[in-house]
Structures are given as structure tokens and as C-alpha cells.
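First the structure, in the form of C-alpha cells, and then the observations on it.
Rule-based calculations on the coordinates, nothing more; no lab input. If you're wondering where the values come from, they're calculated on a predicted model, not measured in any experiment. Heads up, the Cβs are rebuilt from the backbone with ideal geometry, glycines too, and the neighbour counts pull from every protein chain shown.
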């Protein structure tokens, strides 16, 4: 059965990025440590790297299960640009709909696998249409995940907590005032993150 899964990595103190995130410094100052689990260990913005290539076995098994049934995805313009547009080629194996206030501003190539849309609602609708009976991923940033939770659209919330305290940046639940019940479905730990899957109460 198709489900909508919101997934993001945070620090222990709840930050999804460090300060000054953006192109060239995607996860902010010090924020690259959030994705040690993705890279298989320490890395920098300047280092040659292939995300996922050297994941720890626990992280690889968890990640592969999370994307095995992926049929469509959405993310925010900030995340899209901070990631350098993933080099202009969609690496996710499913269309990604990018939420932006400026859909006509520098759109990606038609065959890139990325589509700019003007609202969260449109992105979710189109991702669901593309996914069919497969899953939809809400990949971030934090604001887009908050929109999904506020709209009651998220079936599962996956928070990967990296073992660090950032102290500044963008918090996942900054300004979020909703009261939600979550049920723990799974916990997976590695040297670089603790992954928790939650069912979101409706």
C-alpha cells in the first residue's frame, strides 16, 4: 500500500542544518557531520565523494529498505539548490517535485527528473500521481516536512539523529505548533546515526 514518508537527519539538539547553509555549504557550517552516515564517515564539502558508496552495513540496509518502493518525491527549493541540484541529474530513480515560489526562475532541464512547482499541495499531488501504488518521499528541508505534517499528509516520519550538538542552524520543528502522536515502528543504530521510524497519528 502506498504511503507518504518524510525523512530527514538532525543533530541531537534538533537542527537539520548548521548555520549558513546553501550552495557550496549545503548542510551549513559544521552540518556535513549530519551526513557522516550517508558518506560512511568524515567528509568535507571540498572532498571527492559519492553519497552512499561507503555506508556502514547498518545504514546501507536501512537506507535501501527506505527507498526500495519509492515512486515519487518532493523537496524544497532551498534543499534543491543547497545540494547543487544534484549535478543536474536526478539520482533517486523517481521524479522529484521541487516546491518553490519561483517556478519560472531557472527551471531544470525537462529530462533531468526534477520539476519545479509552486506549492506543497501541487508537489504532493503530482508525486502521488507519479508514484501510483508506490511510496512518496518528502525529503526536506525542514519547512517542507513541517508543511506535510501540518497538512496531515505524512504516514511515517523518519528521523535519523547524528551524534552531535550543532547549537545553531535550522531546527526541524522551529515554529511548529501542532500536537502529534507518534508510534515507534523501528530503531536502527550505527556508529554515525540512530534511525527511528515513526507512524504518525491521524
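Just a few scattered comments:
- Counting only DSSP beta bridges whose two residues both lie in the chain, roughly 45 percent are antiparallel.
- Inter-label distance, residue 60 to residue 111: 3.2 nm, where each label sits 7 Å from its Cα along the C-beta direction.
- Only alpha carbons enter this Debye calculation for the stretch 55-110, each as an equal point scatterer, and the log10 of I(q)/I(0) it gives at q = 0.17, 0.19 Å⁻¹ is -0.66, -0.78.
- For the stretch 155-202, the mean projected area of the C-alpha convex hull, equal to one quarter of the hull surface, is 4.1 nm².
- When the square roots of the Cα gyration tensor eigenvalues are ordered a ≥ b ≥ c, the ratio a/c for the chain is under 1.5, which makes its shape rounded.
- Theoretical gain in end-to-end length, residue 184 to residue 129 [0.36 nm per residue, Cα-Cα removed]: 17.0 nm
- Among 66, 39, a tally of other beta-carbon atoms within 10 Å of each Cβ gives an order, fewest to most, of 66, 39.
- D_trans [Stokes-Einstein, Kirkwood Rh over alpha-carbon pairs] for the stretch 108-198, 4 °C, 1.567 mPa s, µm² s⁻¹: 84 µm²/s
- Out of every Cα-Cα pair that the stretch 1-69 contains, those further apart than 17 angstrom amount to 50 percent.
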